[in-house]
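First the structure, in the form of structure tokens, and then the observations on it.
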Amino acid sequence: MKVFLSSDMEGTAGVVDWEQCVGDGPEAAAGRRLLLAEVNAAIEGAVAGGATEIVVNDSHATMRNLPASEIAGGASYISGSHKPLYMMQGLDGSFSAVLFVSYHGSVGAPAGLSHTYNPRAVVEARINGQVTGEAGINALVAAHYGVPVVLVTGDSCACGETAALIPGVHSALVKEHVSRLAAHSLHPSRACALIRETAQRAVAGAAQAEPSPFAAPVSLELSVRTTDIAEAATWVRGVERAGPRELRISGDDLLAVYRSFCAAILLTRTVAEAM
Ligand SMILES: [Zn+2]
């Protein structure tokens, strides 16, 4: 039984500031240790729940945040930049379950370093009219391959938003927000214990989980920060202008929707830097 684990970082217990999850400083190094412990807890839970093979796709910032030799369960590790399927690179129909570890709230959520892919570009994202964060957008790929998303770990916003979009997903809530840059976290050992037991239940029940929460055709709508970002995004196939700062990517092919989204995020990066 193959399990796919996409790891972000902002949803880790104890991590509340960019200093702890970007760059080479001592706080970021400490943050990566906390993340590693949570990823390993999810892997151990998945193995206890029946997983025989785990693939970890590092999805945060440089996408090389974990020491490969210290990843539990003999998991293989996808890391580094320029992955065509980005946060979902490596997933295909041979997997039985998807786990989202250390996820955070959508841009606009009141908590947890909230953003949706690029905070300089995306002001809000909606799937079929419902506001979503990265978990919902990434779930398009899981749905395309018919693999259920069974676990999300992170702050209260990440867990709440994911559960609203993916009924039945198991949540391990490791911190309550105080503000966007403050949170009340479980002790890391408690957070890991919670993640371990929740992952075990989630993976053990994967065969009964609903593979796709989406009714086709799917419409992914994006509100972006400037008209220039909106204009540049329309250079990508599949991206339509729906208003001065509104974009729409729609269709029955969920993978194509996600790929157009990733291309738009990548293409607008330079434009989004300009004020
Ligand atoms: Zn993220």
Within the range 118-136, how many residues turn out to be within 10 Å of the ligand (Cβ to nearest atom) and buried (at least 24 other Cβ atoms within 10 Å of the Cβ)? 3
Here is a list of conditions, (1) open to solvent by 60 Å² or more (accessible area, probe 1.4 Å); (2) touching a helix residue (DSSP H, G or I) at 6+ places or on another chain (Cβ under 7 Å), and Glu240 meets all of them except one; can you say which number that is? (2)
Right, Thr162: hydroxyl-bearing (Ser, Thr, Tyr), open to solvent by less than 20 Å² (accessible area, probe 1.4 Å), touching a Leu at 6+ places or on another chain (Cβ under 9 Å) and on the phi < 0 side of the Ramachandran plot or not? no
Tell me which residues, restricted to the range 122-146, are among the polar types (S, T, N, Q) and more than 14 Å from the chain's Cα centre (by Cα). Asn128, Gln130
Out of all the residues in the range 64-95, which are touching a Phe, Trp or Tyr at 6+ places or on another chain (Cβ under 9 Å) and of a type in the set (S, T, N, Q)? Ser94
Filtering the range 192-224 down to residues that are part of a loop (DSSP other than H, G, I, E, B) and within 30 Å of Gly14 (Cβ to Cβ), which residue is nearest to the chain's Cα centre (by Cα)? Ala209
Residue count, the range 244-254 (criterion: open to solvent by less than 30 Å² (accessible area, probe 1.4 Å) and either assigned to a helix (DSSP H, G or I) or in contact (Cβ under 8 Å) with a residue 40 or more places away in the chain (or both)): 1
Return the residues of the range 99-117 that are more than 20 Å from Val149 (Cα to Cα), within 9 Å of the ligand (Cβ to nearest atom) and open to solvent by 10 Å² or more (accessible area, probe 1.4 Å); say none if nothing qualifies. His115
What number of residues in the range 1-24 are within 30 Å of Gly146 (Cβ to Cβ), of a type in the set (D, E, K, R) and either under 10 Å from the mean Cα position of the chain (by Cα) or within 16 Å of the ligand (Cβ to nearest atom) (or both)? 2
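The values are calculated or read from the model by the stated rules, or taken from the named source; none is laboratory data. It should be emphasised that the depicted structure is a prediction, and the values quoted were computed from it without experimental measurement. Using ideal geometry, Cβ is built from the backbone for each residue, glycine included, and neighbour counts are taken over all protein chains shown. With ligands, DNA and RNA removed, areas are computed over all heavy atoms of the protein, side chains included. Shrake-Rupley method; radii C 1.70, N 1.55, O 1.52, S 1.80 Å.
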